[in-house]
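Heads up: the structure comes next, in C-alpha cells.
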Amino acid sequence: MCRLFGLHAGRQLVTATFWLLDAPDNLAEQSRRNPDGTGLGVFGPDGVAMLHKEPVAAWQDSEFATEAHDVTATTFIAHVRYASTGALDTANTHPFLQDGRIFAHNGVVEGLDLLDERIRELGVADLVAGQTDSERVFALITAAVRDRDGDIGAGIVDAIGWLADNVPIYAVNILLSTATDMWALRYPDTHELFVLDRTVPAQRRLRLRSPRIRAESEHLTSQPSVVFASEPMDGEDWQLIAPGELVHVAADLRIDRRLVFPRPPRHLLQHADLSAQAAASQHV
C-alpha cells in the first residue's frame, strides 16, 4: 500500500533529512513490487509550497528515492506511491497541490465517473491534471473548503461525507497541510494511520525509520513536533488513530482529535472487490 508521512514542526523552521526509500541490495529482486513513485511536499521559509516528486518506479531508477533530501520547512508531507489508478507520470505522483495546500492519500475510491460528475458540478474539474482517485478526492475537498469559507476541517468532513454516501470506498486515509496546520484522517478501519506526539521532547534527536520512509532532524532534538505515519517507526510511542477520526494539528502544535465518521462508508469495498491493479497496490 502507499506510505504516508507527515511532520509538523510548529512555527519554527527546521531542517529535516528524508529518504523516501532505503537502498538495500534487494531493490532489483523486489522488482515491480517496488513503489511507482515517491514525493515530498513542504512549505519553505517564505511559506510557499514546494513539491519534489519523481514518478519513475524504483526498480527502474531508485536515485531520487534513495538519495538524502535536506529540506527546511515548518510542515512536511512525504508519500511513497503504489499505483491503483493512473499512469506512472508526474501528474499522478503524490503529493498534490491545490489552493496553496499539500495533500497525499492512501487507499482506493471507486465510482470515478460519479465523482467526476460531482467535481464538474462544483466547478473544480480544472484542478485535476491526472487520472488518480486521490487527486479527485483532493479536488472535492478543495471545493468543500471554498464553500466553507476556508474552513479546512469542515471541508474535509463535507467532502469525505459525500464520498461515504455516494461512491464505493476501500480506504481513504489522507494528510493535508498548509504552512501552519496539518490534518490527518483515517477512514474507515481498512488501513492503519498513526500519530506521534513529540510536543514534550525528551531531548532525543528525531530519527524515525520504516521499511520505506526515513526522517531525521537535529533541530527536533529539543524542539516539539507532531508526526503522522502509515506504519509505526522505530523507537517512539505511536498512537493508532481511530477509524473515522480527524486529527488537526494547529500552528502551536495543539492537537485536536474528533470522531467525525462513526460509521463505515455506505458502499464499503472488500479486498476481493478490487481490480487486480488496485488489489496489488493495497498489500501491506
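Could you tell me the calculated FRET efficiency between Thr15 and Val260, based on Cβ-Cβ distance and R0 = 51 angstrom, to the nearest 0.05?
0.90
Once fully extended, how much extra length lies between Glu67 and Arg205, figured as 0.36 nm per residue of separation less the alpha-carbon to alpha-carbon distance?
47.6 nm
First measure r as the distance between the Cβ atoms of Ala250 and Leu114, then evaluate 1/(1 + (r/R0)^6) with R0 = 35 Å and state the FRET efficiency to the nearest 0.05.
0.55
Please give, to one decimal in nm, the separation of the simple spin-label points placed at Asp46 and Arg146, each 7 Å out from Cα toward the Cβ.
Each label point lies 7 Å from its Cα, and together they span 2.5 nm.
How would you rank 4-13, 122-131, highest first, on the average number of other Cβ atoms within 10 Å across their residues?
Listed from highest to lowest mean packing, they are 4-13, 122-131.
State the extension gain, in nm to one decimal, for the chain segment bounded by Asn166 and Ala125, taking 0.36 nm per residue of separation less the distance between their alpha-carbons.
Working it through step by step, the gained length comes to 12.9 nm.
Multiplying the sequence separation of Gln270 and Asp99 by 0.36 nm and subtracting their Cα-Cα distance, what value in nm do you get? Walk me through the intermediate numbers first.
Values: separation 171, 0.36 × 171 = 61.56 nm, distance 3.32 nm.
Full extension from Gln270 to Asp99 adds 58.2 nm.
Values in this text are rule-based calculations from the coordinates and carry no lab data. Because the structure is a prediction, the values reported are computed rather than measured. Neighbour counts are summed over all protein chains in view; Cβ atoms, including those assigned to glycine, are modelled from backbone coordinates with ideal geometry.
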